[in-house]
Every structure is written in C-alpha cells, then in structure tokens.
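Peer 1: Attaching a single structure in structure tokens format; questions to follow.
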Amino acid sequence: MQELPSMNPTRIAIVGCGGFVGVHLVKQMLDLGYPVDGWDLEDRRLGELVGHKDFCFHHSDYSAPETIDDISKNHSVVIHLAALCNPSLYNTEDQRVIQSNFILPARLAEACAKEGSWLVYFSTSEVYGRTVSGVARGMGIEVGESNELDLLTEDSSPLLLGAIGSRRWNYACAKQLMERYLLALEVSSQLQWTVVRPFNFLGPEMDFIPGVDGEGVPRVMACFMDALLHGRSMELVDGGGARRCFTWIGDAIDGIIKILENPQASRGQCFNIGNPKNETDICGLAARMAGIYTQITGRDLPNPVWKNVSAESFYGPGYQDSDRRLPNVGKARALLGWEPRMTLDDTLRLTIDWFVQHYPVSH
Ligand code: UDP
C-alpha cells in the first residue's frame, strides 16, 4: 500500500459512496488497503462492502453542518461524488440539481479550506457544453469536420453553454460555478483541490432499469439495455447523431487512484478522465449494443431495432444536447502517467454481460 500524502494516517472520506462511481472507488480503495468513511442515502450497490472492516458507511446525506464538520475535520482527503447527474433531471428538477452540484458542495469546500483538507471534486465533461463547431453549425455557419477544433482541453477550451431557457445546462452551469469557486477558495484561503471531469463512464452497476431498481429515465446505456431486455426498440433522440467517448469504469478508477497517489502533480488541476479512442455517435452505439447483445444472449432483436424520437418528447422542454465530447487526455498522461486502455467493444461487452446477468428478461 502506497502512503497517501499527508494522510497521517486518517481515513479517506467519500461523499456519495453509493453511486456507480462510488462503489467502484470504495472497492478499489479497500483492495489497496486504504480505510474509507462513506456517506450516501443509497446503499443498494454497496452490498457486502458495508461489512468490510476498513469501511465505515454512514447512511445519510452530508447536508447537516455537523456532518460537514466531521468530514472536513477528520479526513485529510475528501472525495465528493454526491450529485444529481442524470440528464433527465436537469430540466425537470432544476432546483435540486443546482443545490446538489453547487450549493451543498460549496459548503463542504469552505469547510475543507478551513480545515486544510484536500477536496477532490467530481465535476463533469458537460462543463464544456457544446463544441465551437456545433455552435457555429447551429448558427447556420458551414464548418468542416475538425478533431482539432472539437478537442476538449482542460485549461484552454471555452465552456459553451446555452441560454437560460435551455434548462439542460443547469447542471453544467452549477458544476462550472463550483469549479470556479474552488479556485476562488484557493486564492482566498489556500484550499487544496482537484477537479475530475468524467467522460461517460460505463460498467457494471451503472444507473438502473426503470421499474426494477429505479424510476425515471436513466442514461443512454441503461435506456438501451432496458429496451433490449424488454424487446422494445431503442430510442434515438433526434436521430442519435450526438457523439460521446465511452470510458471503462476500471480505467477511470485507475485515473482517480493516480490522482490520489500523486498530490503534488494533481492539486490545483482539472483532469479530463475519458477515452478519446472510444468515440461513437449514439446511433453507432445502438448498432454495437444490438450486435453484442445477440452474441451474448442469442435472443432476437426488437423490430425495428431502433426508432427516432424528438428530444422534446423524450426529455421535455428545455433539453438541448451536447453535440460532441472528445477529451484531450494529454494532461493526465503527462502529469499522472494515466492512459485509458479498454476498447469500446470490450467496454460494452463487459457492461452488457453484467446487465444480462443482473436483470430479468421479459421477451
Ligand atoms: N440518448 C438517446 N436515447 C436514450 C437516451 C439518451 O438517444 O434512450 C442520447 C442523448 O440525447 C444524448 C446521448 O444519448 O445525445 C447521451 O445521453 P446520456 O443520457 O447518456 O448522457 P449525456 O452524455 O448526455 O450526459
């Protein structure tokens, strides 16, 4: 076990330990021998981790002032994951989205600044908003395909959100303000911080299947699995032309551990954690998933395999899509020696396999 800096030898706090990223991170930290204190309202994914001798689970949120005090005073490393981070909520649960992504974490950051603890804050790749070329195209300006123009770089790309009425951007705006607040607290009170910008992590335990272990609309992978498991057509929002880089959760966790183990290199930095080689448009994702699903299960595909739906009918008014998220991971490579490895097909195969094992099929 590598000695975490200034650990002394206190425990690591993970706020929001029960979500998809949280459970993978808790498991990896415990496997590496780091004791963890975790907070979450959800515990269904944690399973037997809750009984682990080095894991202390608090079945609560962290909003109470005494909880924020406990976290910041008794932990020299605090990892913040607790957030409403599902696109179907951004234009329907606006107030809670802004509270969970800015107002509450801002209080925690102030406490960490006061106590001298290091806050590792999970932001989002969505802070980049739309690409320059996507905005230009939206204005009717012809722009050719350009990876160079679209590549999202932590310290130089502009963050292009939409108008206030495009409520989809509430989440990205709250995350962006939080990132700016961390920097402000560094200047005013020497806060030690690191920001992680995740690019569409995938893997076991991701999201939920509506009506089985959650309600509402999950992210795209779980929406497509829900359709495949129930023999329904996958729905392509506005034709499925948006592009994403899907990143294997194991690669992402390796990146986070590298951040924690390299504080000198990672404090005061934002890092893209994503796999630029795993880019696909959403229609291409549906096609790959359909192919892998039939290989794994031998079951028939729905007819039609996919169909188009409008964003307005799928998400309601105020949704606007992020057209492309292509991460530049040069900084994580240079400062942390991190490189994502898992291909898109292997990422999908492992994740689909988990869904098939884990959920009942009804067709
Ligand atoms: N999407 C889709 N069908 C679905 C769910 C999502 O076409 O059933 C699209 C969505 O409009 C977006 C992309 O898939 O273009 C990724 O959506 P997701 O909810 O996974 O999160 P995001 O990457 O936008 O944060």
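Peer 1: Considering only residues of segment 214-225 that are in a helix (DSSP H, G or I) and within 8 Å of the ligand (Cβ to nearest atom), which is farthest from residue 298 (Cα to Cα)?
Peer 2: Step by step, filter segment 214-225, then rank; the result is 220.
Peer 1: Please find, within segment 143-191, the residue that is surrounded by the most Cβ atoms within 10 Å (Cβ to Cβ) out of those that are closer than 18 Å to residue 117 by Cα and over 23 Å from the mean Cα position of the chain (by Cα).
Peer 2: 191
Peer 1: Looking only at segment 80-96, which residues are under 16 Å from residue 125 (Cα atoms), more than 12 Å from the ligand (Cβ to nearest atom) and part of a helix (DSSP H, G or I)?
Peer 2: Answer for segment 80-96, where residues must be under 16 Å from residue 125 (Cα atoms), more than 12 Å from the ligand (Cβ to nearest atom) and part of a helix (DSSP H, G or I): there is none.
Peer 1: Going through 180, 130, 168 one at a time, which residue ends up being within 15 Å of the ligand (Cβ to nearest atom), out of contact with any strand residue (DSSP E or B) (no Cβ under 9 Å at 6 or more places or on another chain) and of a type in the set (D, E, K, R)?
Peer 2: The match here is 168.
Peer 1: Look at residue 334 and say whether it is more than 12 Å from the ligand (Cβ to nearest atom), assigned to a helix (DSSP H, G or I), open to solvent by 40 Å² or more (accessible area, probe 1.4 Å) and out of contact with any Gly (no Cβ under 8 Å at 6 or more places or on another chain).
Peer 2: Yes; evaluated as a whole, the condition is true for this residue.
Peer 1: Every residue in segment 301-328 that is away from the ligand (no atom under 12 Å from the Cβ), modelled with pLDDT under 95 and open to solvent by 50 Å² or more (accessible area, probe 1.4 Å), please.
Peer 2: Of everything in segment 301-328, just one residue is away from the ligand (no atom under 12 Å from the Cβ), modelled with pLDDT under 95 and open to solvent by 50 Å² or more (accessible area, probe 1.4 Å), namely 317.
Peer 1: Here is a further query. Taking segment 252-276, which residues are closer than 30 Å to residue 307 by Cβ and surrounded by fewer than 22 Cβ atoms within 10 Å (Cβ to Cβ)? Full working, then the answer.
Peer 2: Restricting attention to segment 252-276, the residues satisfying the condition of being closer than 30 Å to residue 307 by Cβ are 274-276.
276, the sole residue that qualifies.
Peer 1: Would you pick out the residues in segment 108-135 that are touching a helix residue (DSSP H, G or I) at 6+ places or on another chain (Cβ under 9 Å) and at pLDDT below 95?
Peer 2: The answer is 132, 133, 134.
Peer 1: Residue 40 passes all but one of (1) crowded, with 18+ Cβ neighbours inside 10 Å; (2) over 30 Å from residue 209 (Cα atoms); which number fails?
Peer 2: Only one criterion is unmet by residue 40, namely (2).
Peer 1: Kindly indicate the residue of segment 226-236 that is in contact (Cβ under 8 Å) with a residue 24 or more places away in the chain and open to solvent by 10 Å² or more (accessible area, probe 1.4 Å) and also farthest from the ligand (Cβ to nearest atom) among those meeting that condition.
Peer 2: 231
Peer 1: Looking at segment 239-257 only, could you name the residues that are charged (D, E, K, R) and more than 15 Å from the ligand (Cβ to nearest atom)? Give the derivation first.
Peer 2: The first filter runs over segment 239-257 and keeps only residues charged (D, E, K, R), leaving 243-244, 251, 254.
251, 254 - these are the residues of segment 239-257 that are charged (D, E, K, R) and more than 15 Å from the ligand (Cβ to nearest atom).
Peer 1: Might you check whether a residue that is in contact (Cβ under 8 Å) with a residue 60 or more places away in the chain and in a strand (DSSP E or B) occurs anywhere in segment 282-305?
Peer 2: no
Peer 1: Among the listed residues 105, 65, identify the single one that is open to solvent by 30 Å² or more (accessible area, probe 1.4 Å) and at pLDDT 95 or above.
Peer 2: The unique qualifying residue is 65.
Peer 1: Would segment 277-300 turn up any residue that is in contact with a Cys (Cβ under 7 Å, 6 or more places away or on another chain) and open to solvent by 30 Å² or more (accessible area, probe 1.4 Å)?
Peer 2: yes
Peer 1: Let me ask something else about it. Which of the following residues is part of a strand (DSSP E or B) and surrounded by 22 or more Cβ atoms within 10 Å (Cβ to Cβ): 71, 14?
Peer 2: Being part of a strand (DSSP E or B) and surrounded by 22 or more Cβ atoms within 10 Å (Cβ to Cβ) holds for just one of 71, 14, which is 14.
Peer 1: Next up: Taking into account only those residues within segment 192-207 that are open to solvent by 30 Å² or more (accessible area, probe 1.4 Å) and more than 16 Å from residue 76 (Cα to Cα), which is nearest to the ligand (Cβ to nearest atom)?
Peer 2: Of the residues in segment 192-207, the ones open to solvent by 30 Å² or more (accessible area, probe 1.4 Å) are 192, 200, 205.
Filter again for more than 16 Å from residue 76 (Cα to Cα), leaving 200, 205.
Working: 200: 5, 205: 15 Å.
Per the criteria, the residue is 200.
Peer 1: Among helices (runs of 4 or more DSSP H) lying entirely in segment 109-212, which contain 3 or more residues that are closer than 20 Å to residue 87 by Cα? Write out each step before concluding.
Peer 2: Working: elements: 132-138, 147-150, 170-189.
Counting at least 3 such residues, we get 170-189.
Peer 1: Out of segment 112-142, which residues are over 24 Å from residue 199 (Cα atoms) and surrounded by 20 or more Cβ atoms within 10 Å (Cβ to Cβ)? Can you show your working first?
Peer 2: Taking segment 112-142 as the starting set, the residues that turn out to be over 24 Å from residue 199 (Cα atoms) are 112-117, 139-142.
112, 113, 117, listed by residue number.
Peer 1: On to the next question. Quick check on this structure: which one of 348, 301, 326 is in contact with a Ser or Thr (Cβ under 7 Å, 6 or more places away or on another chain) and not charged (D, E, K, R)?
Peer 2: Just a single option satisfies the conditions, and that option is 301.
Peer 1: Could you list, ordered by first residue, the pairs with Cβ atoms under 6 Å in which the first is in segment 237-260 and within 20 Å of residue 222 (Cβ to Cβ) and the second is of a type in the set (Phe, Trp, Tyr) and part of a helix (DSSP H, G or I), at least 6 apart or interchain?
Peer 2: 237/314
The values are calculated or read from the model by the stated rules, or taken from the named source; none is laboratory data. Small disclaimer: the values here were computed from a predicted structure and weren't measured. Every residue, glycine among them, receives a Cβ derived from its backbone with ideal geometry; neighbour counts consider all protein chains shown. Just the protein is used for accessible areas: all its heavy atoms, side chains included, with ligands, DNA and RNA removed. Shrake-Rupley method; radii C 1.70, N 1.55, O 1.52, S 1.80 Å.
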